[in-house]
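Q: To start, I am sharing the structure in question, which I have written as structure tokens.
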Amino acid sequence: MICFLGSLFVLTGCKKAFEPEAESAEDLLVPGDWLFRQRSYPHGAVNHDLYLEAMRQWRALSESPIGRHDKSWTPVGPVNTGGRIVDVEAHPQNRNILYIGSASGGIFRSLNGGSSWTPVFDNALTLSIGDIAVAPSAPQVLYVGTGEANAGGGSLAYDGAGIYKSVNGGNTWTELGLYDCGSVGKVLVHPHDPNTVYVAAMGHLFRNNSTRGVFKSTDGGLHWEQSLFVSDSTGAVDLAFDPVHPDTIYAAMWERLRRPERRQYAGYSSGIYRSFNGGQTWTRLTNGLPVQPVSRIGLAVSPVNPAVVYAYIVNEAASLALIYRSGDHGNTWSQQASPPADGSPASWWWFGKIFADPTDENTIYSIGFLTHKSTNGGASWEPVFPGAHVDQHTLYIDPADPDFLLLGNDGGLYQSEDGGSSWAHFANIPNIQFYTCEVDFQFPNRYYGGCQDNGTIRTLTGQTNDWSEIFGGDGFVVLVDPSDNNYVYSEYQYGALGRSVDGGENYLSGIVGINFSEPRNWKTPVVLDPSNPSRMYYGTNRVYRSTNRAESWSAISPPLAQPVPGANLVYGTVTTIAVAPSDGNYIYAGTDDGHVWRTANGGNNWEDISDGLPQRWVTSLAVDPLDAQRAYVTLSGYRWDEYQPHVLRTDNAGASWQDIGTSLPEVPVNDIVIDVVFGNRLIVATDAGVYATANEGANWELLGAALPRVVVTDLTLHPPTHTLIAATYGRSMYTLELEEPVGTENAPELWAGISAGPNPFRSETGVEIQLPERMKVDLRVFDLSGRETAILFNGLLPEGKHRFVFAPVGEARGSYVARLNAGGRVRSLLLLRQGGD
């Protein structure tokens, strides 16, 4: 979260003694699209069908027994620092039963008024939530629209996966289709019929599509019909019923267009529509409403007087909320006072909702950058929820007790029992969106992380409920010197690095000598030299080095990347840096335009070693601790057509590269670490979990159990305790106590191995198993729905290698899971068919 004051950054809660040069307003007025840029490069879009296929691959693997790596991940918080909440709902007769939707962390349910929360949506294809609806006449029936409708941050990268339904209060869920509707702004259930449901679909953000507008089902979501369609760039963002005559429905339509090189979040087709016949026909309402292009619109109908309708309309410049009131069911409208802007940046489309008091037609709430209340129908406004986190997204008003409010924003969930005059924060929801994680080498219960909206935070005890912010902005890289933990380095967006010499209590400038006119990444890389932590490296579009713990810097490379004129898929920057532990003269640098560079003489000369690498955003590099010429690179991006490698290895300092990730789900790989305790094991963080290989990629297995299906952005290994820390984008931070990988221990149990080649394949592949002794073997192949497609072998086999051919019928591309049960232990392997002969 960033506030503005003149041309200077104002970082909430940031301990610092410096002000780096400000970015342009255009760069900083919106939540960052860094997640989308790296995943869509170079195509400018994510193939949604292949994204869903990758998520089904993940689900199939995670629901399979996973062999040796079955220890459970442990959540380490924070719970007292909240992440973005996009919706909150309650059981209509029992407000102790609550549901909250997290932007990228799924759905949490409480049965005790928020004293504790349980995730209930973790088996879905996506944990990005748009809206939750509780059926008023059958509260055990819930509908969820996936895909966050707020057009920024992670919602740019992660469209939804359609509509879900539960008939048992969230215990289990059924997919209801509408997979191509992009994101969902609102789900509305008929007050008397739980099978009649309306969906406000925004459509895909980065491409025009017709699966947007208002959809209706009268059979509980088994079938859908498009009730209102305006254009292939105009979606529905809000819906409201007349509570007395629910066939009267209001729809807010928002013309919104996003491309890699431009953003248009307003248009003439944005407007308010009304239907008197349950969505069979619609009329656009215009009398008294703006005639110029407008942006996002929020709607509210007064429950006590349904003739009164309120609209929150964001102006074309996205700098102000225009409030309109109708007293005749929307036939005519009059403009009211606008709530104060209160220093908000020009991104009011990030909020844009209005809520009506259930007992007083003149009491309304406006949620935007801050929260405001009017008791005179919008003639004047006063602030409520004073001091709460900024960027509001949802409000629940108890229909039986309108002073009871639940507010969801970028900082979590808040409760008020006096109409917003005072509030309490729920300090028990683990939904932080972390970019990075770090651990203090000397005190391994001290965890650090950089996160969206909440700066750089840490715990000194390892507990989940005592994290606190130590550096402001949106937090990114955070480093603790392993030799002297008084030196802590924290960063907010675009490389604003602070250095602390007192353990993170206070910060000084860490950017002296950095040319801030050079391109810098949203997440600017900063690393310590593993053999000499007083030496550090920093990336703009070139590499800088500090030999005095970031007191000063000097450039050691020429420009290694450049911005692309007229486009914004890449920043033209270095994205990752790795220094060889065995020889600090070997430095590798990756860029967002798909290049990897290497110097073997400490930066005097650099060589582009990208030949053989796909054109993808480079996310991380790691160098073998004993061999400076053996390095690993990971890449972002979803597959667009043919298979693309995401993890590659070089054994000759980049002269050639070998794909070692063929059995991973086809998703972005965000980080790689080398298990220095068991040096033959590699561990990667992906958009679909954490995977490990003990045989240089011949096969990968999900690492650990009980990790939600959430994007894992970063990994850190603490070798003395052999503990792995994982940063997730939506479910806070986890740790895993690593065990010795299969095949390296001297334990008496014997394990069978499984591999496949070619993989990916066209018409057929060979599945090979290695048996350490004669044993009973059951080898089968399943598709991603869990349907058995082949029994390759079932019986006794002698010790040694055995190969079986899998040749699926037809020519269609597809993904499969080979499952080996040998000696009572189960292992799984992903098989990828490209299609064709």
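So that you can scan it fast, the table gives a plain yes or no per residue for (1) more than 26 Å from the chain's Cα centre (by Cα); (2) surrounded by fewer than 18 Cβ atoms within 10 Å (Cβ to Cβ); (3) more than 25 Å from D398 (Cα to Cα):
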site	(1), (2), (3)
W333	yes, no, yes
A341	yes, yes, yes
S347	no, no, yes
G352	no, no, no
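Q: Quick check on region 738-748. Is at least one of its residues at pLDDT 90 or above, assigned to a loop (DSSP other than H, G, I, E, B) and crowded, with 19+ Cβ neighbours inside 10 Å?
A: Looking through region 738-748, at least one residue is at pLDDT 90 or above, assigned to a loop (DSSP other than H, G, I, E, B) and crowded, with 19+ Cβ neighbours inside 10 Å.
Q: Pairs only if they're at least six apart or on different chains, beta carbon under 8 angstrom, first in region 171-186 and under 12 Å from A124 (Cα atoms), second charged (D, E, K, R) and crowded, with 18+ Cβ neighbours inside 10 Å; list them, first residue then second.
A: Short answer, once both residue conditions are applied: W173/K165; T174/K165; L176/K165.
Q: N515 versus (1) free of Cβ contacts under 8 Å to residues at least 40 places away in the same chain; (2) surrounded by fewer than 16 Cβ atoms within 10 Å (Cβ to Cβ): which is the lone unmet condition?
A: Unmet for N515, out of (1) free of Cβ contacts under 8 Å to residues at least 40 places away in the same chain; (2) surrounded by fewer than 16 Cβ atoms within 10 Å (Cβ to Cβ): (1).
Q: Scan S509, S582 and give me the residue that is over 16 Å from E438 (Cβ atoms), surrounded by fewer than 24 Cβ atoms within 10 Å (Cβ to Cβ) and modelled with pLDDT of 95 or more.
A: S509
Q: Mind telling me which of the residues V677, V633 ends up being out of contact with any helix residue (DSSP H, G or I) (no Cβ under 8 Å at 6 or more places or on another chain) and either hydroxyl-bearing (S, T, Y) or crowded, with 20+ Cβ neighbours inside 10 Å (or both)?
A: Values: V677 fails: either hydroxyl-bearing (S, T, Y) or crowded, with 20+ Cβ neighbours inside 10 Å (or both).
Only one candidate passes the filter, namely V633.
Conditions (1) more than 22 Å from V214 (Cα to Cα); (2) among the acidic types (D, E); (3) surrounded by fewer than 19 Cβ atoms within 10 Å (Cβ to Cβ); (4) in contact with a His (Cβ under 9 Å, 6 or more places away or on another chain), marked per residue:
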| residue | (1), (2), (3), (4) |
| --- | --- |
| I97 | yes, no, no, yes |
| T126 | no, no, no, no |
| N150 | no, no, no, yes |
| T174 | no, no, yes, no |
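Residues checked against (1) under 36 Å from the mean Cα position of the chain (by Cα); (2) of a type in the set (S, T, Y):
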| site | (1), (2) |
| --- | --- |
| T789 | yes, yes |
| N794 | no, no |
| A812 | yes, no |
| V826 | yes, no |
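Q: Looking at (1) at pLDDT below 95; (2) under 24 Å from P519 (Cα atoms), can you tell me which one R639 breaks?
A: In the conditions (1) at pLDDT below 95; (2) under 24 Å from P519 (Cα atoms), R639 misses (2) alone.
Q: Considering only region 443-490, state which residues are β-branched (V, I, T), under 24 Å from the mean Cα position of the chain (by Cα) and assigned to a strand (DSSP E or B).
A: Of everything in region 443-490, those that are β-branched (V, I, T), under 24 Å from the mean Cα position of the chain (by Cα) and assigned to a strand (DSSP E or B) turn out to be T456, I457, T459, I470, V477, V478.
Q: Identify the single condition in (1) crowded, with 23+ Cβ neighbours inside 10 Å; (2) more than 24 Å from G408 (Cβ to Cβ) that L285 does not satisfy, given that it satisfies every other one.
A: Looking at each condition in turn, L285 falls short on (1).
Q: Which one is nearest to Y729 (Cα to Cα) among residues in region 81-102 that are among the β-branched types (V, I, T) and in a strand (DSSP E or B)? Lay out the reasoning, then the answer.
A: Filtering region 81-102 down to residues among the β-branched types (V, I, T) leaves 81, 85-86, 88, 97, 100.
Still in the running and in a strand (DSSP E or B): 85-86, 88, 97, 100.
Details: I85: 13, V86: 15, V88: 20, I97: 26, I100: 17 Å.
Filtering first and then ranking leaves I85.
Q: Given the structure, is S552 assigned to a loop (DSSP other than H, G, I, E, B), modelled with pLDDT of 95 or more and crowded, with 20+ Cβ neighbours inside 10 Å? Walk me through it before giving the result.
A: On the way: assigned to a loop (DSSP other than H, G, I, E, B): yes; modelled with pLDDT of 95 or more: yes; crowded, with 20+ Cβ neighbours inside 10 Å: no.
In short, no.
Q: Still on this structure, I have one more. Assuming Y691 fulfils every condition listed in (1) farther than 20 Å from Y435 by Cα; (2) part of a strand (DSSP E or B); (3) not β-branched (V, I, T) apart from one, which condition is it?
A: (1)
Q: Would you confirm whether any residue within region 117-131 is farther than 20 Å from R731 by Cβ and either under 20 Å from the mean Cα position of the chain (by Cα) or part of a loop (DSSP other than H, G, I, E, B) (or both)?
A: No, because not a single residue in region 117-131 is farther than 20 Å from R731 by Cβ and either under 20 Å from the mean Cα position of the chain (by Cα) or part of a loop (DSSP other than H, G, I, E, B) (or both).
Q: Follow-up question, since we're still on this one. It is to be established whether one or more residues within region 561-568 are closer than 22 Å to F476 by Cα and buried (at least 24 other Cβ atoms within 10 Å of the Cβ).
A: Checked region 561-568: at least one residue is closer than 22 Å to F476 by Cα and buried (at least 24 other Cβ atoms within 10 Å of the Cβ).
Q: Given the options Y537, Y571, name the one that is part of a strand (DSSP E or B) and of a type outside the set (A, V, I, L, M).
A: Y537
Q: Still on this structure, please answer the following. Within region 693-716, how many residues turn out to be under 22 Å from the mean Cα position of the chain (by Cα) and under 25 Å from P525 (Cβ atoms)?
A: 8
Q: Another question, then. Output the number of the condition that A561 fails; it satisfies all remaining conditions of (1) in a loop (DSSP other than H, G, I, E, B); (2) out of contact with any Asp or Glu (no Cβ under 6 Å at 6 or more places or on another chain).
A: Status for A561: all satisfied but (2).
Q: Then there's this: Are any residues in region 392-409 surrounded by fewer than 24 Cβ atoms within 10 Å (Cβ to Cβ) and under 20 Å from L127 (Cβ atoms), and if so, which ones?
A: Within region 392-409, just T394 meets the criteria.
Q: Please go through region 519-533 and give me each residue that is surrounded by fewer than 18 Cβ atoms within 10 Å (Cβ to Cβ) and either in a loop (DSSP other than H, G, I, E, B) or without any contact (Cβ under 8 Å) to a residue 40 or more places away in the chain (or both), ordered by number. Working first, answer last.
A: So the first thing to find is which residues in region 519-533 are surrounded by fewer than 18 Cβ atoms within 10 Å (Cβ to Cβ), and the list is 530-532.
Correct list: P530, S531.
Q: I've got another one for you. Please specify each residue of region 485-499 satisfying the condition of being surrounded by fewer than 24 Cβ atoms within 10 Å (Cβ to Cβ) and either free of Cβ contacts under 8 Å to residues at least 12 places away in the same chain or of a type in the set (S, T, Y) (or both).
A: Within region 485-499, just Y487 meets the criteria.
Q: Next up: So in region 750-771, with the set limited to residues that are among the small types (G, A, S) and in a loop (DSSP other than H, G, I, E, B), which one is nearest to E811 (Cα to Cα)? Don't jump to the end; show me each part of the working.
A: Within region 750-771, the first condition is being among the small types (G, A, S), and the residues that meet it are 752-753, 755-757, 763, 766.
Restricting the remaining residues to those that are in a loop (DSSP other than H, G, I, E, B) gives 752, 763.
Working: A752: 31, S763: 7 Å.
Result: S763.
Q: Still on this structure, please answer the following. From the list E438, E417, which residue is surrounded by fewer than 22 Cβ atoms within 10 Å (Cβ to Cβ) and not aliphatic (A, V, I, L, M)?
A: Details: E438 fails: surrounded by fewer than 22 Cβ atoms within 10 Å (Cβ to Cβ).
Being surrounded by fewer than 22 Cβ atoms within 10 Å (Cβ to Cβ) and not aliphatic (A, V, I, L, M) holds for just one of E438, E417, which is E417.
Q: In this structure, is V684 β-branched (V, I, T), within 18 Å of the chain's Cα centre (by Cα), in a loop (DSSP other than H, G, I, E, B) and modelled with pLDDT of 90 or more?
A: Here the answer is no, as V684 does not meet what is asked.
The values are calculated or read from the model by the stated rules, or taken from the named source; none is laboratory data. Owing to the predicted nature of the structure, the values given are computational and were not obtained by experimental measurement. With ideal geometry, Cβ positions are generated from the backbone for all residues, glycine too; neighbour counts draw on all protein chains shown.
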